[in-house]
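Visitor: Pasting a structure below so you can have a look.
The values are calculated or read from the model by the stated rules, or taken from the named source; none is laboratory data. From a predicted model like this one, the values you see are computed outputs, not experimental measurements. With ideal geometry, Cβ positions are generated from the backbone for all residues, glycine too; neighbour counts draw on all protein chains shown. Surface areas here come from the heavy atoms of the whole protein model, side chains and all, with no ligands, DNA or RNA. Shrake-Rupley method; radii C 1.70, N 1.55, O 1.52, S 1.80 Å.
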Amino acid sequence: MSTNIDIATSIKQYLGLHREEMILFLKDLVTLETPSKVMASQQGIFDVLLDKLEAMDYKTIHIPGKATGGYLFARPKKRNKKLPLQLLIGHCDTVWPLETLKDMPFLEENGKIKGPGVYDMKAGLTQIIFAIQAIQSLQLPLNITPIILINSDEEIGSRESTAIITRLAKISKRAFVLEPPLGLGGKLKTARKGLGRFTIRAKGKAAHAGLDPTKGINAIVELSHQIQKLYAMNDFDKGITVNVGMIEGGVSANVVAPESTAVIDVRVFKDADGDYITKKIKALKPYLKDIELQVEGGMGRPPMEKTPRNQQLWEVAKRQGDALGLQLEEATAGGGSDGNTTSQYTATLDGLGTPGDGAHAPHEYIKENQLVERTALLSLLLITDS
């Protein structure tokens, strides 16, 4: 009987022989620019992914979105309906606008593969395809059926795709999220902060700043007091962060500002902290007399906590990493992903993409020699029953 190390070696050898094919496929994905807010830009990459999955005997469907490119769902055409499901999640949208390739071309140099979206997260999409291809070609047994969800709105909050992600997570035994790992060492993400977004709007009264300043009520001054209250809510020991990231207000320097607005980013490690900070923000009261204060928003993505089932899945990954000679480490990420959603309903492991650096930055890249390694890790995870 083959040992786990023997299987790991076979998978890695197979992927090594197909390394150039993997890089060419990755190049195809990266050179199809796919900004989140340009709906039409998503069709090309969905066509490429659909064709590849259909060739691997997967039934695929592309559901267009109302304001985004929608999502692609795929499952094996032939499957044993008695077997449990495992969900593979990736996103094809990027933060980069069209024509970014002119200044940030796809490049292979000095052991790096560069390009817009290569790290976040078109390398992860490549891994999904070639992990399944390796399993099929090597005729490895699959006792948990892989199903695939690729959305085009993750970078803008997955507002249109969260409903389908939730539905699939509820019927899946586990979920693997192909977001980039954390740091150059490629740590897997076993926890993520939850995210909230709030808008505070102060409404005062306009007046001439020179002729009648006492007849006005300055909304900017009101907002300055509220900002101090908000910053007092930070609790870094608990991982609660409250950041006023945008402010605007007033109409002219010589007018007492009648209105002012602030946009606040909130991040928490625990659901309970999200509830707590939401209540505190919504309980804010005006500081100045006769000011109207409006507070809108709430927690958008719940935290991905280190639940027992998530930690059990991490232990499985660590063992499979050992079989490949990888010394994997776990980490907590400050940003959110669709793993925050799946974790509410099923065991979730995030950050299974290829190590690199520069997500959302001009130097974005992956480590070329680790594309095969991390695809092999995903393959082993997919064929593991536990």
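Visitor: Look through the stretch 270-309, keep the residues that are charged (D, E, K, R) and part of a helix (DSSP H, G or I), and return whichever of them is most open to solvent (accessible area, probe 1.4 Å).
Guide: Among those that are charged (D, E, K, R) and part of a helix (DSSP H, G or I), it is 279.
Visitor: Let me ask you something else. Looking at the stretch 310-326, which of its residues are part of a helix (DSSP H, G or I) and open to solvent by 60 Å² or more (accessible area, probe 1.4 Å)?
Guide: 312, 315, 318, 319, 322
Condition check ((1) of a type in the set (Gly, Ala, Ser); (2) in contact with a strand residue (DSSP E or B) (Cβ under 7 Å, 6 or more places away or on another chain); (3) closer than 22 Å to residue 384 by Cα) across all residues:
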| site | (1), (2), (3) |
| --- | --- |
| 59 | no, yes, no |
| 67 | yes, no, no |
| 81 | no, no, yes |
| 95 | no, no, no |
| 110 | no, no, no |
| 135 | no, no, yes |
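Visitor: Filter the stretch 76-127 down to the residues that are touching a Gly at 6+ places or on another chain (Cβ under 6 Å) and crowded, with 24+ Cβ neighbours inside 10 Å and list them by number.
Guide: The answer is 90, 94, 119, 121, 123, 124, 125.
Visitor: Regarding residue 174, is this residue over 27 Å from residue 31 (Cβ atoms), basic (Lys, Arg) and surrounded by fewer than 21 Cβ atoms within 10 Å (Cβ to Cβ)?
Guide: no
Visitor: Within the stretch 150-193, how many residues turn out to be farther than 19 Å from residue 374 by Cα and in a strand (DSSP E or B)?
Guide: Going through the stretch 150-193 one residue at a time, the tally reaches 3.
Visitor: Evaluate the following for residue 248: is it more than 30 Å from residue 374 (Cα to Cα) and of a type in the set (Asp, Glu)?
Guide: Yes, satisfied.
Visitor: Sticking with this one: If I go through the stretch 337-364 residue by residue, how many of them are over 18 Å from residue 173 (Cα atoms), part of a loop (DSSP other than H, G, I, E, B) and either open to solvent by 20 Å² or more (accessible area, probe 1.4 Å) or without any contact (Cβ under 8 Å) to a residue 24 or more places away in the chain (or both)?
Guide: Selection size over the stretch 337-364: 5.
Visitor: On to the next question. Looking at the stretch 1-94, what helices (runs of 4 or more DSSP H) fall wholly within it and have at least 1 residues that are among the hydroxyl-bearing types (Ser, Thr, Tyr)?
Guide: Because the criterion is at least 1 residues that are among the hydroxyl-bearing types (Ser, Thr, Tyr), the helices (runs of 4 or more DSSP H) in the stretch 1-94 that meet it are 4-17.
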